[in-house]
Structure formats: C-alpha cells, structure tokens
Amino acid sequence: MKYVKWLFVVLLITSLTSFVGKDKPTGGLNIGDVAPDFSIGTTLKNQKLELKDLKGQYVLINFWASYDAQSRMQNVILNNAIMTSFNKVKFVSVSFDEYQSIFKETIRKDQIASPICFVETKGESSKLFKDYSLNRGFNSYLLDENGVIIAKNISLSQLSSLLN
C-alpha cells in the first residue's frame, strides 16, 4: 500500500512533464521563421537562383517530386495561379527528382513554365531538403519581402486573401 502513493506521484510527475513544451509545433519550419537561404542552378536553361536575390519581393517556394502525386499536383495548381492571377509573387518550383530526365519529362507533361522550375538531383540527401526539414513531407512556403515565412502549405484561397 505504501508503494501505491509513490506510484501515483511518479505517474503524476511524468504526465505533467510530458506536456511541457508541447505548445510549439515540432520539426520543420514554421510561420514567422526566416526561410533558409539557398542557391540552386539546375533548370532546363541552366539558370541559377539564389534566394537572397529575391529579397524585396513576395516569393512562393514549392517543393515537390514527380513520385509524390500530391506535391506534383500542388505544383501545377500553384504554378497556374501565379502565372494567371498573382503577378506580384515570384514562384520558385523545386523538384527533388534524382534524374534530370524524369524532371524534364514531368515539367513537360505538367506544362510548367521551365524558367521557374529547378531540380535538386541529390534528392532527399541534399542540404536543401534537410534545411527545409522536408522529411515530414513536401511543403510550400510563402515568404514576405524580408524572407520571413508568412504561410505554409498555402491554398489558393489563402494566397488570394493574403495578397489582396
């Protein structure tokens, strides 16, 4: 009987400590974080992009891969929206396909504007993949003029309300 009290005390302490620090989302980048800078240079036209060069503009970065149907579909939707309705936003599309031939065929089939579409051929082992904590799934990030994340995994209606 005297051990029952101690058992309850231990259970109470462990349950209270399990809630400490749970108010913040874990892993990945969050709204309010400054987006990590990166440089990427593989496109169909061998253009190079440095994120820091886009400061002063709204930037929508979308990470995807041809083998991930949901991220690929989101890439097409966001590309079409930016090209037709949101011309004050710079769209940067980054694929994590390890083979450039797959990347080229995917953007051709999806009819993505190639100058804004980049491929990271190191795939999931790349520094960019790790910097943006994409191991929890491909994400899109809307950055303000200072490179601060103002939206994550944004929908078209959210994009419209934020930019209008």
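The values are calculated or read from the model by the stated rules, or taken from the named source; none is laboratory data. Since the model is a prediction, treat every value here as computed from it, not as a measurement. Cβ: placed from backbone, ideal geometry, glycine included. Neighbour counts: every protein chain shown.
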All but one of (1) touching a Leu at 6+ places or on another chain (Cβ under 9 Å); (2) more than 26 Å from Asn135 (Cβ to Cβ) hold for Met83, so report the exception by its number. (1)
What number of residues in region 97-133 are closer than 13 Å to Asn62 by Cα, part of a loop (DSSP other than H, G, I, E, B) and touching a Ser or Thr at 6+ places or on another chain (Cβ under 7 Å)? 2
Within the bounds of region 97-107, is there any residue that is crowded, with 17+ Cβ neighbours inside 10 Å, within 17 Å of the chain's Cα centre (by Cα) and modelled with pLDDT of 90 or more? yes
Among (1) without any contact (Cβ under 8 Å) to a residue 40 or more places away in the chain; (2) hydrophobic (A, V, I, L, M, F, W, C); (3) assigned to a strand (DSSP E or B), which single condition is Leu142 missing? (1)
Test: residue in region 15-28 that is closer than 24 Å to Glu145 by Cα, of a type outside the set (Gly, Ala, Ser) and either out of contact with any helix residue (DSSP H, G or I) (no Cβ under 9 Å at 6 or more places or on another chain) or modelled with pLDDT of 85 or more (or both): no
Could you please tell me which pairs satisfy a Cβ distance under 7 Å, a separation of 6+ or placement on different chains, a first residue in region 60-79 that is of a type in the set (Gly, Ala, Ser), and a second residue that is surrounded by fewer than 17 Cβ atoms within 10 Å (Cβ to Cβ)? Ser66/Ile102
